[in-house]
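Any read-out appearing in this document is the output of simple, stated calculations on the displayed coordinates, not a laboratory observation. For clarity, every value in this text was computed on a predicted model and none was experimentally measured. As a convention, Cβ positions derive from the backbone with ideal geometry for all residues, glycine included, and neighbour counts pool all protein chains shown.
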Amino acid sequence: MINFLTITSAVGILGLTNVAATPLSEILNEMETENIAEELVQEIQEQEIVSDKEPRWVCENCNENERVTLAFFQDYGITDKYALATLMGNIQQESRFTPNICEGGARVSYHRCYHGGYGLIQWTTYGRYHGLGHHARITGGDPSSLKTQLSYLVTEREWKAAEPRFKNPGQSIGYYMNGAYTWLGWGIHGNRTHYSNQYVNRLTQLTS
């Protein structure tokens, strides 16, 4: 049975200011329609508690795109410092965290990169490059933006194949680098390991 306190809380959540003029049946119907119940509030609170318990890594001397990317991977469930550093190091090698970069260095929109790779991880093959454009269309995003590219990369089958490795904590850079190769399939290793080790030193744990 819904008590007065629950109804009062729901009124506040729903923004109903004229309580006296609103029949009880209408309040209850609106509560049901909007799925507002004590269980939902409790679930949100429990999620916040779990989130608070997870360690957060920050990079104070990183640029905005680096910070957004770091937060994105943590929100996605990757919490190991070395895994995060490896992901960051590989993106640094691929694009310097520049989402609108075309292979060769030109800063252009998605539709004006006519050859080579494009974006954060330099999507190069026909399927992966056009997959980004398709993802942008169905989500209403901009394929040249950081937000859209991050949301796309975790949908690719190459990422899904490597994801369990990144979510396995307590491993070495080398272990996670094998996952990065599965994900990116690079032709040139370059400075990936060097950059990854740099991020290990740059990431610090957020303290409350």
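Quick notes
- Along each principal axis, taking the top coordinate minus the bottom one, the Cα set of the stretch 57-205 gives 40, 30, 30 Å in descending order.
- With R₀ set to 22 Å, the beta-carbon distance separating Y126 from N178 gives a calculated FRET efficiency near 0.25.
- Computed label-point distance, nm, for sites V108 and E54 using a 7 Å Cα→Cβ extension: 3.8
- Net charge of Cβ neighbours under 14 Å - reference G131; Lys, Arg +1; Asp, Glu -1: +2
- Annotation: extensible slack from V68 through N168 equals 33.8 nm (criterion: 0.36 nm per residue apart, minus Cα-Cα distance).
- Stretching the chain fully between Q198 and R96 yields a gain of 35.3 nm (0.36 nm per residue, less the alpha carbon separation).
- Ranked for footprinting exposure by Cβ neighbours inside 10 Å, fewest first, S151, S196, S172 give S172, S151, S196.
- Note on the stretch 67-118: Rg/Rh from C-alpha atoms, Kirkwood Rh, equals 1.08.
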